[in-house]
1. Taking region 30-45 as the search range and keeping residues that are at pLDDT below 95 and not hydrophobic (A, V, I, L, M, F, W, C), which one is farthest from I76 (Cα to Cα)?
2. Restricting attention to region 2-15, does a residue exist that is within 21 Å of R108 (Cα to Cα), open to solvent by 30 Å² or more (accessible area, probe 1.4 Å) and either more than 15 Å from the chain's Cα centre (by Cα) or of a type in the set (V, I, T) (or both)?
3. From G18, G87, G41, which residue is surrounded by 14 or more Cβ atoms within 10 Å (Cβ to Cβ) and on the phi > 0 side of the Ramachandran plot?
4. From the residues in region 96-115 that are touching a residue at least 24 places away in the same chain (Cβ under 8 Å) and surrounded by 15 or more Cβ atoms within 10 Å (Cβ to Cβ), which one is nearest to R19 (Cα to Cα)?
5. Name every residue in region 5-33 that is part of a strand (DSSP E or B) and more than 10 Å from F118 (Cα to Cα), in order of residue number.
6. Please enumerate the residues belonging to region 4-30 that are of a type in the set (K, R) and touching a strand residue (DSSP E or B) at 6+ places or on another chain (Cβ under 9 Å).
7. What number of residues within region 52-78 are under 15 Å from L94 (Cβ atoms) and either of a type in the set (V, I, T) or at pLDDT below 80 (or both)?
Amino acid sequence: MNNLGFVFRQPPHGSSCGREGLDALLAASAYTEALDVFFLGDGVLQLVKHQQPDAILSRNYIATFKMLPLYDIENIYVCQQSLIERGLSVDDLLIDVNICPHSELVTRLHCCHQILTF
């Protein structure tokens, strides 16, 4: 495969990594439909519903993840172990995703010709 992989590993608040990654992902979608998006480790927190970033004076960009289908971004993978470790389930997530064991995510990542990590 010649997909471009976007990996979210950082929590949503405390740095600009998540917002920058989302901006880059949306921009890349204008040039290719061959995109895979991965949420690993604390990156799964990017997708948790009902966040209140305004309480810590942070910008609320999380709802923008709901726009991924409008940009034809459909290959969205979340690490099952990362969810379990954080006491989360698929019901806690803002968007529809593919829940995968870590080993499957690694296999999918190896299929990407280029990987950007945020």
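The values are calculated or read from the model by the stated rules, or taken from the named source; none is laboratory data. Please read all numbers here as calculations on a predicted model, not as lab measurements. Heads up, the Cβs are rebuilt from the backbone with ideal geometry, glycines too, and the neighbour counts pull from every protein chain shown. The area values use the complete protein model at the heavy-atom level, side chains included, leaving out ligands, DNA and RNA. Shrake-Rupley method; radii C 1.70, N 1.55, O 1.52, S 1.80 Å.
1. Ranking the candidates gives Y31 first.
2. Within region 2-15, one or more residues are within 21 Å of R108 (Cα to Cα), open to solvent by 30 Å² or more (accessible area, probe 1.4 Å) and either more than 15 Å from the chain's Cα centre (by Cα) or of a type in the set (V, I, T) (or both).
3. Being surrounded by 14 or more Cβ atoms within 10 Å (Cβ to Cβ) and on the phi > 0 side of the Ramachandran plot holds for just one of G18, G87, G41, which is G41.
4. V97
5. From region 5-33, those part of a strand (DSSP E or B) are 5-8; that's our starting set.
G5 - this is the single residue of region 5-33 that is part of a strand (DSSP E or B) and more than 10 Å from F118 (Cα to Cα).
6. Of region 4-30, the ones of a type in the set (K, R) are 9, 19.
Once the filter is applied, which keeps residues that are of a type in the set (K, R) and touching a strand residue (DSSP E or B) at 6+ places or on another chain (Cβ under 9 Å), region 4-30 yields only R9.
7. 9
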